[in-house]
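The values are calculated or read from the model by the stated rules, or taken from the named source; none is laboratory data. Since the structure is predicted, the reported quantities are computational estimates derived from the model, not experimental observations. All Cβ positions, even for glycine, are placed from backbone atoms using ideal geometry, and neighbour counts span all protein chains on display. Just the protein is used for accessible areas: all its heavy atoms, side chains included, with ligands, DNA and RNA removed. Shrake-Rupley method; radii C 1.70, N 1.55, O 1.52, S 1.80 Å.
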Amino acid sequence: MKNKSAIIVGGGINGLCAAYYLHKEGFDVKVIDRGTIENNCSFGNMGFLSPSHFVPLASPGIIAEGVKYLLDSKSPFYIKPRLDLNFIRWGLNFYKNSNQKTVDKNSYPLEDLLKLSRHLMDEIRADLGDVFDMETKGCLMVCHSEDAFEKEKKVADAAANYGLNVVVLDRKEVQEYEPDVELDMAGAVLFTDDAHIHPGKFMLAMKQKLTDLGVHFQLNTEVTGFKKEGQRVKSVLTDKGDYSADEIILSPGSWLGELTHKLGHRLMIQGGKGYSTTYDHIEKNIKYPAILVDGRCAITPWKHTLRIGGTMEFSGLNDKVLVKRMQGIYNSIRKFYPGLKIDFPPLDKIWTGLRPVSPDGLGYIGKFNGYENVNIAGGHAMLGVSCAAGTARIISDLLTNKAPEINISAFDPMRFS
Ligand SMILES: Cc1cc2nc3c(=O)[nH]c(=O)nc-3n(C[C@H](O)[C@H](O)[C@H](O)COP(=O)(O)OP(=O)(O)OC[C@H]3O[C@@H](n4cnc5c(N)ncnc54)[C@H](O)[C@@H]3O)c2cc1C
């Protein structure tokens, strides 16, 4: 019997993981991407696999914090004022969802997805080999001020409700975790269930694995539309020709709105730009990845390599670099880690990527807009790496008529319609 076929639009981490699980289920898979899959958002990110992030982005206080930062050009949050109806609609929905009731509703499904993904990443590592610098030592939430530390300790208490393991470290203890670099912080919470990978190495290793398995990559090819027949998409239209398959999976990251618009219903998504820079030869490096809670940025070590990154900038779908945003990240890192020997990066070493952010901070997983053969996989905002493996496994379950391991109703792509 002929294998079923699938086209995956978008070769970020969500697309590649979907290709991986669908191939395992016997599908003939083609990945279409308008680039070379060597520098999308899935490459220069911080690489955290974060079961600790059970609070979605849309949460109480986020709007007030955003407003507080608006006038500071080095701040971790920026909105470019513009008359864009899609952005205004998204903003109103984000505002509506930034409350405790929605957080209480969404945090458990999010945690289920994060844990599923975390477990699957161990399996993927066992299959691909130890080739993407995965470390399972946890992630530090580091706090410069006593006030932030007190608040983080409350998050640590709540973490127990989600079955997460934490270690609270005072100033002296956290310094003992990082003996080679002088720190300046009130304390930290170590979330021991977290892990981190080198995302670029993961992407290249996964692409190589898929190529070896016979997955076809149709690169430098832009999807421009779809040919529909009743409730099915018959073919995917591109600037290089038309392609058909039994199943279509859309994982174009921040461009989900643009592509789904062509199928009659624009999913609400905004690109939340982040910045990072990577230092290749740090002699005395830190040992633990960390999120700077009151510095609003992050730091990831891989042996002698170090990446710093962060910010959330809503300025549309572009890769324009605002150097002051990177300056804000660099300043925060220097404040928390005064012993790190790093210089401010030149412009050509500043990387940007667009996080696909939905109005409630949860991703979109599952069937789309009444189409029998169109599925969405993505929209996980700042948790796209952490959620990719689980998302992909759920998609492969749905397409092979198996019940997904977790309840996915919270991720329904049609939930805002
Ligand atoms: C600074 C920063 C740090 C981050 N750190 C973390 C972290 O530590 N942990 C974590 O879990 N997440 C993190 N994230 C978020 C994470 O990187 C993203 O959520 C994730 O990479 C999104 O993956 P994706 O596959 O959905 O989309 P992408 O990686 O954006 O891939 C989408 C692909 O679709 C293609 N595409 C789009 N439109 C079309 C079209 N019309 N035709 C053909 N191809 C198309 C694009 O070319 C692209 O290759 C971070 C993000 C940033 C910016």
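Collect the residues in region 26-68 that are of a type outside the set (A, V, I, L, M, F, W, C), crowded, with 18+ Cβ neighbours inside 10 Å and more than 16 Å from the chain's Cα centre (by Cα), keeping them in residue-number order. Steps first, answer last, please.
Of all residues in region 26-68, those of a type outside the set (A, V, I, L, M, F, W, C) come to 26, 28, 30, 33-36, 38-40, 42, 44-45, 47, 50-53, 56, 59-61, 65-66, 68.
Now drop any that are not crowded, with 18+ Cβ neighbours inside 10 Å, which leaves 30, 33-34, 40, 42, 44-45, 47, 50-53, 56, 59, 66.
Within region 26-68, Lys30, Asp33, Arg34, Ser59, Gly66 qualify.
If you go through region 77-94 one residue at a time, do you hit one that is within 14 Å of the ligand (Cβ to nearest atom) and open to solvent by 10 Å² or more (accessible area, probe 1.4 Å)?
yes
Among the residues in region 333-345, are any over 23 Å from Lys287 (Cα atoms), acidic (Asp, Glu) and loosely packed, with under 14 Cβ neighbours inside 10 Å? It would help to see each step written out before you state the result.
At the first step, the residues of region 333-345 found to be over 23 Å from Lys287 (Cα atoms) are none.
Scanning region 333-345, I find no residue that is over 23 Å from Lys287 (Cα atoms), acidic (Asp, Glu) and loosely packed, with under 14 Cβ neighbours inside 10 Å, so the answer is no.
Within region 185-220, restricting attention to residues that are under 30 Å from Lys154 (Cα atoms) and touching a helix residue (DSSP H, G or I) at 6+ places or on another chain (Cβ under 6 Å), which residue is surrounded by the fewest Cβ atoms within 10 Å (Cβ to Cβ)?
Ala186
Looking at region 151-166, can you tell me whether even one residue there is over 23 Å from Phe336 (Cβ atoms), of a type in the set (A, V, I, L, M) and in contact with a Gly (Cβ under 8 Å, 6 or more places away or on another chain)?
Checked against the condition, which is being over 23 Å from Phe336 (Cβ atoms), of a type in the set (A, V, I, L, M) and in contact with a Gly (Cβ under 8 Å, 6 or more places away or on another chain), region 151-166 yields no hits at all.
Would you call Val29 more than 9 Å from the ligand (Cβ to nearest atom), closer than 26 Å to Gly225 by Cβ, in contact (Cβ under 8 Å) with a residue 24 or more places away in the chain and of a type in the set (A, V, I, L, M, F, W, C)?
Details: more than 9 Å from the ligand (Cβ to nearest atom): yes; closer than 26 Å to Gly225 by Cβ: yes; in contact (Cβ under 8 Å) with a residue 24 or more places away in the chain: yes; of a type in the set (A, V, I, L, M, F, W, C): yes.
It is true that Val29 is more than 9 Å from the ligand (Cβ to nearest atom), closer than 26 Å to Gly225 by Cβ, in contact (Cβ under 8 Å) with a residue 24 or more places away in the chain and of a type in the set (A, V, I, L, M, F, W, C).
Output the residues belonging to region 241-264 that are exposed (fewer than 15 other Cβ atoms within 10 Å of the Cβ) and more than 23 Å from Leu85 (Cβ to Cβ).
Result: Gly241, Asp242, Ser244.
Taking interchain pairs and intrachain pairs at least six residues apart, which have beta carbon atoms under 9 angstrom, with the first residue in region 367-378 and closer than 15 Å to Ile394 by Cα and the second assigned to a strand (DSSP E or B) and aromatic (Phe, Trp, Tyr)?
Val374/Phe226; Ile376/Tyr364; Ala377/Tyr364; Gly378/Tyr364
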